[in-house]
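The block underneath contains the structure these notes are about, expressed in structure tokens.
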Amino acid sequence: MITTTFFHTAVPPRPMGRYAHMIVIRETDSYALFQTDGELNTARVAAGQRDQTMLTRLTMFKRKQTTPERLIGRELLRTYGFISADQAGEKQTKEAATGLYLGKDGAPICDYNVRFCMQCPDCISYGFAIGDSGSEKSKVYSDTAYSLTAYEASHEAFTLNAPYESGTMSRQGSVTSRINEQDHVRPQTLFPGVITFRDPTSALFIYMLNNVLRTRRYGAQTTRTGTMTNHVVGIVLSDGEIFSNLMFTQSLYDALSAEGAIHPVEPVSSQRALDTAGQVVPSLLRDDGVAVTQFLTGAELTTTINDLRGRTRSEDGVQELLTAASHDSRTYHDAYIKKASKGK
Ligand SMILES: [Zn+2]
């Protein structure tokens, strides 16, 4: 079980050095598109920490990871009535007592990137910026993730044909120009990574954990492709930040290479990567030199995750989780945000 005494009972106004990390291996379950301007993002980096051969890796930028996770959490907050289903509108007025805009359903309006409510678990955990009326930095940190295997083995370009109704590619002598080549990330491509929550309460950390476990769809939002599974390697509670995604990816690559598990043209099985990661992470943590209150892994981690999944399998369980998280975000809002915005 997670050591709940590690967590703050209330989110502090200033950094207090309690970091809750979730170590994951993200795996594509279908052809995914993580691209900017039509191309997959790549980086030239060393294959491993020991193996310094240069490798081109696929990259998954920070926002491509956190945005879908945020949106999953926000969807739940709306479903369970913690934020309004209504959008921000001109006619809405602020409720004097709470300083919140309420929707027709009586819940606070939290319109993403339009008018943040500044008090829900999403606003407090992932942050917001609203012109001169205030901003809150994200307490959830993540960084660019790198594919474990090389770009060459991790992508596939498809030609997406858009034929005429007859099924042919030409009509009256002219060939359709509706042919579009798209570069996709292959299924079973692994992206090792760390998600960090600075100074959370246990309820807000569980809120984030649940978002990550539930998010399946990453990448270009206009496509139906791009499902992923987030495998949890461990949860680390410490007094400082731990290793980077790149360090983790390279160290895992070295270890898998030594085991003969890297074959240039084949994906690495997630089970194999998870097992090896279980051996790599403890030594990386030792090298980080941070004080680790808890490193939850193996059977104990499985029990914890299964317990959380069990709770969120019922509506009552989700309601309870969101109520606790909302209590903590609201407390933070009342103590530090409401006062500040009144002062203006
Ligand atoms: Zn909000």
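Within the range 273-292, how many residues turn out to be of a type in the set (Gly, Ala, Ser) and touching a residue at least 60 places away in the same chain (Cβ under 8 Å)?
2
Per-residue answers, yes or no, for (1) farther than 24 Å from Phe7 by Cβ; (2) in a helix (DSSP H, G or I); (3) of a type in the set (A, V, I, L, M):
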{"residue": "Glu241", "(1), (2), (3)": "no, no, no"}
{"residue": "Thr249", "(1), (2), (3)": "yes, yes, no"}
{"residue": "Val280", "(1), (2), (3)": "yes, yes, yes"}
{"residue": "Gly310", "(1), (2), (3)": "no, yes, no"}
{"residue": "Gly317", "(1), (2), (3)": "no, yes, no"}
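List every residue pair whose Cβ atoms sit under 7 Å apart, with the two residues 6 or more apart in sequence or on different chains, where the first one lies in the range 113-142 and is closer than 15 Å to Arg198 by Cβ and the second, anywhere, is more than 12 Å from the ligand (Cβ to nearest atom) and open to solvent by 50 Å² or more (accessible area, probe 1.4 Å).
Gly127/Lys137; Ser142/Lys62
Gln87: among the polar types (S, T, N, Q), under 30 Å from Ala255 (Cβ atoms) and in contact (Cβ under 8 Å) with a residue 12 or more places away in the chain, yes or no?
no
Would you point out the residue of the range 210-225, among those that are open to solvent by 50 Å² or more (accessible area, probe 1.4 Å) and modelled with pLDDT of 90 or more, that is farthest from Ile72 (Cα to Cα)?
Selected residue: Arg216.
Tyr332 passes all but one of (1) of a type in the set (Phe, Trp, Tyr); (2) within 16 Å of the ligand (Cβ to nearest atom); (3) at pLDDT 95 or above; (4) open to solvent by 50 Å² or more (accessible area, probe 1.4 Å); which number fails?
Every condition holds for Tyr332 apart from (4).
Of all residues in the range 102-141 being among the hydroxyl-bearing types (Ser, Thr, Tyr), open to solvent by 20 Å² or more (accessible area, probe 1.4 Å) and within 20 Å of Arg63 (Cβ to Cβ), which is farthest from the ligand (Cβ to nearest atom)?
That would be Tyr141.
Out of the residues in the range 190-209 that are open to solvent by 10 Å² or more (accessible area, probe 1.4 Å) and part of a helix (DSSP H, G or I), which is farthest from Thr276 (Cα to Cα)?
The selected residue is Ala203.
Would you check if Phe243 is touching a Pro at 6+ places or on another chain (Cβ under 6 Å) and not hydroxyl-bearing (Ser, Thr, Tyr)?
Criteria not met by Phe243.
Examine the range 248-266 for a residue that is closer than 20 Å to Val24 by Cβ and within 19 Å of the chain's Cα centre (by Cα), and state whether such a residue exists.
There is at least one residue in the range 248-266 that is closer than 20 Å to Val24 by Cβ and within 19 Å of the chain's Cα centre (by Cα).
State whether one or more residues within the range 234-248 are open to solvent by less than 60 Å² (accessible area, probe 1.4 Å), under 19 Å from Ala153 (Cα atoms) and out of contact with any His (no Cβ under 9 Å at 6 or more places or on another chain).
Yes, there is a match, as at least one residue in the range 234-248 is open to solvent by less than 60 Å² (accessible area, probe 1.4 Å), under 19 Å from Ala153 (Cα atoms) and out of contact with any His (no Cβ under 9 Å at 6 or more places or on another chain).
Among the numbered conditions (1) open to solvent by less than 30 Å² (accessible area, probe 1.4 Å); (2) part of a loop (DSSP other than H, G, I, E, B); (3) more than 11 Å from the ligand (Cβ to nearest atom), tell me where Ala96 comes up short.
Evaluating Ala96 over (1) open to solvent by less than 30 Å² (accessible area, probe 1.4 Å); (2) part of a loop (DSSP other than H, G, I, E, B); (3) more than 11 Å from the ligand (Cβ to nearest atom) leaves (1) as the failure.
Let me spell it out: the conditions are (1) open to solvent by 20 Å² or more (accessible area, probe 1.4 Å); (2) at pLDDT 95 or above; (3) in contact with a strand residue (DSSP E or B) (Cβ under 9 Å, 6 or more places away or on another chain); (4) within 13 Å of the ligand (Cβ to nearest atom), and Thr56 meets all of them except one. Which number is the exception?
(4)
Every residue in the range 71-93 that is within 13 Å of the ligand (Cβ to nearest atom) and among the aliphatic types (A, V, I, L, M), please.
Within the range 71-93, Leu71, Leu76, Leu77, Ile83, Ala88 meet the criteria.
Can you find, within the range 156-189, the residue that is surrounded by the fewest Cβ atoms within 10 Å (Cβ to Cβ) among those that are charged (D, E, K, R) and at pLDDT below 75?
The extreme case among them is Glu165.
The values are calculated or read from the model by the stated rules, or taken from the named source; none is laboratory data. Since the structure is predicted, the reported quantities are computational estimates derived from the model, not experimental observations. Cβ sites come from the backbone with ideal geometry, for glycine too, and all protein chains shown count toward neighbours. Protein only, heavy atoms only, side chains kept; ligands, DNA and RNA dropped before computing areas. Shrake-Rupley method; radii C 1.70, N 1.55, O 1.52, S 1.80 Å.
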